[in-house]
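The values are calculated or read from the model by the stated rules, or taken from the named source; none is laboratory data. Since the model is a prediction, treat every value here as computed from it, not as a measurement. FYI the Cβ positions are ideal-geometry reconstructions off the backbone, even for glycines, and counts take in every protein chain you see. For accessibility, only protein heavy atoms count, side chains too; no ligands or nucleic acids. Shrake-Rupley method; radii C 1.70, N 1.55, O 1.52, S 1.80 Å.
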Amino acid sequence: MGCWLMVSCEELGLKVIDDGLMVVMNANGGVFERIMVAMWGLIVAVLIIGVMFLRRLAVIVPRSTRFFSSKDSLDLASTIAELNKEMESVFGEPPPDGLANSGNRSCMAQDAHHNSHVILGSTNDKFAAQELSSISHHLGENTPGLTHVGSTGKAQMVDVSPKETSSRTAIASCKVVLGKKVFDLVLANQMAKGDVLTVAKIAGINGAKHTSTLIPLCHNITLAHVRVDLRLDPEDFSVEIEGEAASTGKTGVEMEAMTAVSIAGLTVYDMCKAASKDIQVTDIRLERKTGGKTGYWCREE
């Protein structure tokens, strides 16, 4: 047994040394010497297997998902370098270049991957700005832009301080399709919740005054006048709603007019939903506006 272990070590090019003295095993050796040689052989075998495993790990790591941070990568590289030195002292020659440099390549690849994410995150705003500039160029200089979108593509509230103060008005409309059954109940004022048209009128006026609360980027303006009218249309069994808002200031009142008819239409639905679920609130749109930089505008039929 001892002779076989010594032959195996010699074939591997290894010399087992204990305190500067070579342990020589012969066929006449005692039991203690045989045990010592067996233990040295086992230790050497474990070391060789461990080093081979670490070398293999160093080759696999660059191709796998990143498991370590930059600090851990440096520790791994230094560990592999130390093992390479120990292997050189054992075998008498340095390991192959491909395995010796695998740890460094792993660290470099992982650091490059990490840095690419940092660079990508820092250039997101620049990329968005370039895209917006390119889109504006293709649309043309005379095409109006989105004033609620900044140069980096983020939402913003428009600064209206440079604008001139002027008288502004806006008219919007909306339709609520009731169906014949509900239409007859509203016409006869027989709904369980009460007078549908009156409640919806008051709700529409109140909604116009809270536009800046409901629409986050709308300015809080002082309204001079709000009108909401509701009319029953027997031709399609619907309620025709028209809303108007007026103000003197630096921004328009289109949103106030459309909010008024939207809230009025929703109130009609709420007042009548117990009688039918087929009610539709449709055709919310701006009909006409005056004042401001663009002046007069009217929807073409």
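Take the stretch 150-206 and flag every residue that is assigned to a strand (DSSP E or B) and open to solvent by 50 Å² or more (accessible area, probe 1.4 Å).
Selection gives 155, 167.
Determine which member of the set 166, 247 is in contact with a Lys or Arg (Cβ under 7 Å, 6 or more places away or on another chain), in contact (Cβ under 8 Å) with a residue 40 or more places away in the chain and more than 18 Å from residue 281 (Cα to Cα).
The match here is 247.
State whether one or more residues within the stretch 207-215 are among the small types (Gly, Ala, Ser) and open to solvent by 40 Å² or more (accessible area, probe 1.4 Å).
no
Within the stretch 242-283, work out how many residues are in a strand (DSSP E or B), touching a helix residue (DSSP H, G or I) at 6+ places or on another chain (Cβ under 8 Å) and over 14 Å from residue 173 (Cβ atoms).
Residues meeting the conditions: 1.
Determine whether the stretch 269-277 contains at least one residue that is touching a strand residue (DSSP E or B) at 6+ places or on another chain (Cβ under 9 Å) and under 29 Å from residue 166 (Cα atoms).
no
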